[in-house]
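Student: Sharing a structure, written as structure tokens. Questions coming.
Nothing in this text is a laboratory measurement; each read-out follows from the coordinates by a stated rule. Bear in mind that the values here come from a model prediction, so they are computed numbers and not experimental data. Here the Cβ is made from the backbone with ideal geometry for all residues, glycine too, and neighbour counts use every protein chain on show.
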Amino acid sequence: MTPGPEPLETKTDRPRLKRRRLVLAIASVVLLGIGIGVMLIGTSSRSNAESDRDDKREQLASQRSATHDAEAEAQERRAKAAEVADAAQTVLSLAAQVYAIDDQVMGANQEAVDSFSNPNPSTFNAASDRSGTLIDQANGLIDQLNAAIDVMNGKIDALGQGGTPAH
Amino acid sequence: MSDSTATTSLPTSVAPVPPGGSPRRRHPVDRWLLVGGLALIVAAIVLIVLGVLALSSASSARDEGARFARERRAAEARETAAQGDIARVVDEGNRVVDQIDKQTDAANQVTQKNDELELVLENATDQFNAGNESSANGTVDNQGRQLLTEEQGLRVQENQSLTEARDAQDKLRQALVG
């Protein structure tokens, strides 16, 4: 029997991949995948967080502006309300004086009514004259009172309307 | 076949067998696996580091965003308080004016009664001067006293309105102080 030609390489002689290097290659690919994943997640997360932060920053700036306006307006209204209170003080002071004079007018009127049937008319006449004088005084005060009420109404109108707050 | 023939027919591509080792050869891809694997590892580490930095940056941005949100809420609360302050001050101011209007109305009614009483007394005086004394006395006793009674009732209302107007003004002052 004539033997055939021998193979150039036996199974043992063929070049073989080193298992460690293969494992290293596979592990490096896996690691690269992890790296890409971490990078993507990190980038996406940063992008979202920064976008959200920028939105909140804009909202804060807008809110600060609105708050500043509201506080400026509140301060302005307080000043106007103080003017209303002062005007009301004047009105009430005059009203109290009118009330006090009215008290005296009523006393004089009471006396006039009580003394009307008195045979001596001097008491009635005196009471009637006193009442007339007091009413004249009251009318003078009422004129001042009406002027003070006009001033107060102007102030309350200004308070109700407010104004453009200063920036 | 003789031994000498067998020796001369050995293939020349077979590497010499190391002493005591097996006859293995390096695979051509082997080197590329090593180099490529190491390069990928380096790239992966760089990517991981960049990713972690991005995550850290995201965390900082979130913290900052949370701070902005807190500051916005605080500013919003201040705005609400300012608006409440405005509404309260305007309401108190309007209340003062309303109370003064009521007081003025009450005072005007008192004045009206005074005018009516004055007229009654004038008429009674005219009747008295015309010699109709009993009719004059009757007018004063009936209409005059009736008007006086009504005027006293209106005076109570006027006094109450004046007190309420003063209270309203005090509240306005307190609102301005508070």
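Student: For region A:46-130, max minus min Cα coordinate along each principal axis, in Å, sorted largest first?
Tutor: 107, 16, 9 Å, listed from the longest principal axis down.
Student: Further question on the same structure: Taking Cα atoms, how many degrees apart are the long axis of helix A:19-115 and the longest axis of chain A, rounded to 10 and kept between 0 and 90?
Tutor: Taking the Cα atoms of chain A, the angle to A:19-115 is about 0 degrees.
Student: Moving to a separate point now. Pick from B:93, B:131, B:65: which residue has the top mean-square fluctuation in a GNM of chain B where Cα pairs under 10 Å get a spring?
Tutor: B:131
Student: Could I ask something else about it? For chain B, give the magnitude of the charge dipole about the Cα centre (Cβ charges: +1 Lys/Arg, -1 Asp/Glu; no others), in debye to the nearest 20.
Tutor: Here chain B has a charge dipole of around 3200 debye.
Student: A follow-up question, please. Among B:91, B:30, B:141, which one moves the most in a GNM of chain B with springs linking Cα atoms closer than 10 Å?
Tutor: Ranking B:91, B:30, B:141 by mean-square fluctuation puts B:30 first.
Student: Points 7 angstrom from Cα along the Cβ direction at residue A:137 and residue B:87: gap in nanometres?
Tutor: So the label points at residue A:137 and residue B:87 sit 4.7 nm apart.
Student: While we're on this one: So which residue, out of A:20, A:46, A:57, gets the largest mean-square fluctuation from a GNM of chain A using Cα contacts under 10 Å as springs?
Tutor: The residue that fluctuates most here is A:20.
Student: Which angle between 0 and 90 degrees, to the nearest 10, do you get for helix B:145-177 versus the longest principal axis of chain B when only C-alpha atoms count?
Tutor: 20 degrees
Student: Further, regarding this structure: Cross-link candidates for residue B:113: which lysines have Cα within less than 27 Å, leaving aside residues fewer than 8 places away along the same chain?
Tutor: Within the straight-line cut-off, residue B:113 pairs with B:102.
Student: For residue A:80, which lysines qualify as cross-link partners when the Cα separation must be under 19 Å and same-chain residues fewer than eight apart are set aside?
Tutor: Within the straight-line cut-off, residue A:80 pairs with A:155, B:171.
Student: Using a 10 Å cut-off on Cβ to Cβ distances, tally the other chain neighbours for every residue of A:97-106 and report the average as a whole number.
Tutor: If you average over the peptide's residues, the count of other-chain Cβ atoms is 4.
Student: Between the helical axis of B:28-129 and the dominant principal axis of chain B, each derived from Cα atoms, what acute angle in degrees is found, rounded to the nearest 10?
Tutor: Computed tilt is about 0 degrees.
Student: Test of understanding: ordering A:114, B:167 by Cβ neighbours within 10 Å, fewest first, what list do you get?
Tutor: Lowest to highest Cβ neighbour count: B:167, A:114.
Student: Report the equivalent ellipsoid semi-axes for the protein assembly as shown in whole Å, largest first, defined as the square roots of five times the eigenvalues of the gyration tensor built from alpha carbon atoms.
Tutor: They are 118, 15, 11 Å, listed from largest to smallest.
Student: Given a Förster radius of 45 Å and the C-beta distance between residue A:26 and residue B:66 as r, what FRET efficiency does 1/(1 + (r/R0)^6) yield to the nearest 0.05?
Tutor: 0.60
Student: Taking +1 at the Cβ of each Lys and Arg and -1 at the Cβ of each Asp and Glu, which of A:47, A:74, A:84 sits farthest along the dipole of chain A towards its positive end, judged by Cα position relative to the Cα centre?
Tutor: Towards the positive end, the residue furthest out is A:47.
Student: Considering the alpha-carbon set of chain A alone, what are its Rg and its Dmax in angstrom?
Tutor: According to the Cα coordinates of chain A, Rg and Dmax are 50.6, 183 Å.
Student: Additional query: Would you mind giving the mean number of other chain beta-carbons within 10 Å of the Cβ of each residue in A:65-73, as a whole number?
Tutor: Averaged over the peptide's residues, the number is 5.
Student: Averaged over B:62-70, how many beta carbons belonging to a partner chain fall within 10 Å of each residue's beta carbon?
Tutor: 6
Student: Just tell me which aspartates and glutamates come within less than 15 Å, Cα to Cα, of residue A:18; anything on the same chain fewer than 8 places away is out.
Tutor: B:30
Student: Here's a follow-up. Which one, B:96, B:139, B:40, projects farthest toward the positive side of the charge dipole computed for region B:35-177 from Cβ point charges (K/R +1, D/E -1)?
Tutor: B:40
Student: Hey, what did chain A get for relative contact order, percent, Cα under 8 Å, at least 6 apart?
Tutor: After rounding, I find 30 percent.
Student: In square nanometres, what is the average projected area of the Cα convex hull of chain B?
Tutor: That works out to 25.3 nm², a quarter of the Cα hull's surface.
Student: Say R0 is 51 Å: what FRET efficiency, to the nearest 0.05, do residue B:45 and residue B:74 get from their beta-carbon distance?
Tutor: 0.70
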